[in-house]
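A quick write-up on the structure given underneath.
What follows is calculated from the coordinates using simple rules that are stated; it is not laboratory data. What you see is a predicted model; the values in this text were computed from it and never measured. Reconstructed Cβ throughout: ideal geometry from the backbone, glycine too, with neighbour counts over all protein chains shown.
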Amino acid sequence: MNGFKYLAIAAVAAICLTVAAPKIEAQVNVGISVGAAPDCPYGYYDYAPYACSPYGYYGPEWFSGGAFIGAGSWFHGPDNFQGHVNNRFDAQRGYRGARPNVGDKPEPSKRLDKVSHFKGNEMRDGRGHVSTGKR
């Protein structure tokens, strides 16, 4: 019977401590810092790990004054932007050809405002989404 008394007292004490415990409010801060955009001569893919895309992946509308307008986290074009890409040069679709490295400079013969023989087959919105192509 003594064992039962000690068990009952322990249970009452546990309940009292639980009720008397101060309420703790959790604060969660989530911040995503993506850092600087990759320095790629012909742009970079709009998905992680943001590897440099090859010449011919992006159409000329993705460049302004010879500079890439960005994609994904670093996109800085208009809200209603839609531009052509040639997804045959997309690494996620099996492209294994040559790609420039971060920090490479564009070849003078490869103009950004008029990609020679560009054959876009998909419209993208700059934020990593395939779009309908309607403007």
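The figures follow:
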{"item": "Computed lengthening from Tyr95 to Ala67, 0.36 nm per intervening residue step minus Cα-Cα distance", "result": "7.7 nm"}
{"item": "Order of His84, His76, His117 - criterion: other Cβ atoms within 10 Å of each residue's Cβ, fewest first", "result": "His117, His76, His84"}
{"item": "Hydrodynamic radius (Kirkwood) for region 36-135, which is based on Cα pairs only, to one decimal in Å", "result": "13.4"}
{"item": "Relative contact order [Cα under 8 Å, 6+ residues apart], region 72-135, whole percent", "result": "51"}
{"item": "Hz values of 3J(HN,Hα) by residue in region 69-80 - Karplus curve (6.51, -1.76, 1.60), Gly and Pro given as x", "result": "7, x, 7, x, 5, 10, 4, 9, x, x, 4, 9"}
{"item": "Whole-Hz couplings from phi, Karplus 6.51/-1.76/1.60, listed for region 54-64; x for Gly and Pro", "result": "x, 4, x, 6, 9, x, x, 5, 7, 10, 10"}
{"item": "DSSP-loop trypsin sites (Lys or Arg not before Pro) across region 82-114, with at most 11 other Cβ within 10 angstrom", "result": "Arg96, Lys114"}
{"item": "Amide H within-cut-off set for Tyr44, under 5 Å, with H built and near neighbours excluded", "result": "Ser53"}
{"item": "15 Å Cα-Cα reach of Lys114 towards aspartates and glutamates, excluding residues that sit fewer than 8 places from it in its own chain", "result": "Glu61"}
{"item": "In sequence order, calculated HN-Hα J values of region 94-110 (Karplus, 6.51, -1.76, 1.60; Hz; x Gly/Pro)", "result": "x, 5, 10, x, 5, 9, x, 9, 4, x, 5, 9, x, 6, x, 6, 9"}
